[in-house]
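**Q** Here it is: the structure, laid out below.
The values are calculated or read from the model by the stated rules, or taken from the named source; none is laboratory data. The shown structure was predicted, so the numbers you read here are calculated from the model rather than taken from an experiment. As a convention, Cβ positions derive from the backbone with ideal geometry for all residues, glycine included, and neighbour counts pool all protein chains shown. Surface accessibility is based on the protein's heavy atoms, side chains included, excluding ligands, DNA and RNA. Shrake-Rupley method; radii C 1.70, N 1.55, O 1.52, S 1.80 Å.
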Amino acid sequence: MTRDLAQDRRTAGGLLGGAAVCAALAAGTGSTAPVWLSAGMLVGALMVYRRTVPPRPYAYWPAWATGAVIALLLAWAQPGAPRLGLLPLAAVEAAVALVLALLWSRRRTGRGDWIVWLPEEGVLLRREWSRRDAIRWAEDDYRKPCAISLLDDFPDMARETPLYPERDRPFYRPPRLGDQT
């Protein structure tokens, strides 16, 4: 069964829009019921959105940002003592979200990735997110002499397609266009 990523993105956008409408309705009417609906829609939007995001380092910053917004919404809906605990929580979550978003934007284009390659032939074998993963793949799966380098040191390799690109199948080599018969 294949997932329709475009449909998941539209669903997440619809839930996010519904949450914004409920928050605006709560602000206009002074009622707290739409605040609870808005918080629930934000949780649903985050769950659907996470299905569409490839698992890259620091890609979970939207969860922290959503947590901060939900904490603010719940502080708005609850008077008194619970508000005192929710406001500092929202501030901490917002700060963590900001730091993770900055780290994510730095790594979004592949900066900081590690490559496993054959320098003599200029062949890219594998691209990993961490040095540990690159070493583990080279030692456990490939088991032949190869080089492990930071991608930033060899920017021309960023355009290359690895021979073994799939993270879930470490030693699977998909057929190239010229290899199909």
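**Q** Filtering segment 9-38 down to residues that are buried (at least 16 other Cβ atoms within 10 Å of the Cβ) and within 21 Å of the chain's Cα centre (by Cα), which residue is nearest to residue 130 (Cα to Cα)?
**A** 12
**Q** Inspect segment 123-131 for any residue being over 23 Å from the mean Cα position of the chain (by Cα), open to solvent by 30 Å² or more (accessible area, probe 1.4 Å) and more than 24 Å from residue 60 (Cα to Cα) and give the result as yes or no. Outline the logic, then answer.
**A** Going residue by residue through segment 123-131, those that are over 23 Å from the mean Cα position of the chain (by Cα) are 123-125.
Among the residues that remain, those that are also open to solvent by 30 Å² or more (accessible area, probe 1.4 Å) are: 123.
Checking which are more than 24 Å from residue 60 (Cα to Cα) leaves us with 123.
Within segment 123-131, one or more residues are over 23 Å from the mean Cα position of the chain (by Cα), open to solvent by 30 Å² or more (accessible area, probe 1.4 Å) and more than 24 Å from residue 60 (Cα to Cα).
**Q** Residue 96 passes all but one of (1) of a type in the set (Val, Ile, Thr); (2) under 30 Å from residue 40 (Cα atoms); (3) at pLDDT below 85; which number fails?
**A** For residue 96, the failing item is (3).
**Q** Still on this structure, I have one more. When the residues of segment 132-149 are narrowed to those that are open to solvent by less than 30 Å² (accessible area, probe 1.4 Å) and within 26 Å of the chain's Cα centre (by Cα), which ends up nearest to residue 66 (Cα to Cα)?
**A** Going through the qualifying residues, I end up with 134.
**Q** Okay, moving on. Just a yes or no: is a residue in segment 146-167 over 28 Å from residue 60 (Cα atoms), without any contact (Cβ under 8 Å) to a residue 24 or more places away in the chain and part of a helix (DSSP H, G or I)?
**A** yes
**Q** When only residues in segment 160-181 that are open to solvent by 80 Å² or more (accessible area, probe 1.4 Å) and touching a strand residue (DSSP E or B) at 6+ places or on another chain (Cβ under 9 Å) count, which is modelled with the lowest pLDDT?
**A** Filtering segment 160-181 for residues that are open to solvent by 80 Å² or more (accessible area, probe 1.4 Å) and touching a strand residue (DSSP E or B) at 6+ places or on another chain (Cβ under 9 Å), the one modelled with the lowest pLDDT comes out as 167.
**Q** Only residues that are at pLDDT 85 or above and either within 13 Å of residue 163 (Cα to Cα) or outside any helix (DSSP H, G or I) (or both): list them for segment 122-133, please. If you could, list the steps in order and put the result at the bottom.
**A** Step one: of segment 122-133, the residues at pLDDT 85 or above are 123-128, 131-133.
Scanning segment 122-133 gives 123, 124, 125, 126, 127, 128.
**Q** Does at least one position in segment 42-53 carry a residue that is over 23 Å from the mean Cα position of the chain (by Cα) and open to solvent by less than 60 Å² (accessible area, probe 1.4 Å)?
**A** Going through segment 42-53, the residues over 23 Å from the mean Cα position of the chain (by Cα) turn out to be none.
Looking through segment 42-53, none of the residues is over 23 Å from the mean Cα position of the chain (by Cα) and open to solvent by less than 60 Å² (accessible area, probe 1.4 Å).
**Q** Take residues that are basic (Lys, Arg) and tell me which of the helices (runs of 4 or more DSSP H) falling wholly in segment 1-111 contain 3 or more. Talk me through it step by step, then tell me what you get.
**A** Values: elements: 5-29, 33-50, 61-77, 81-107.
Ranges flagged: 81-107.
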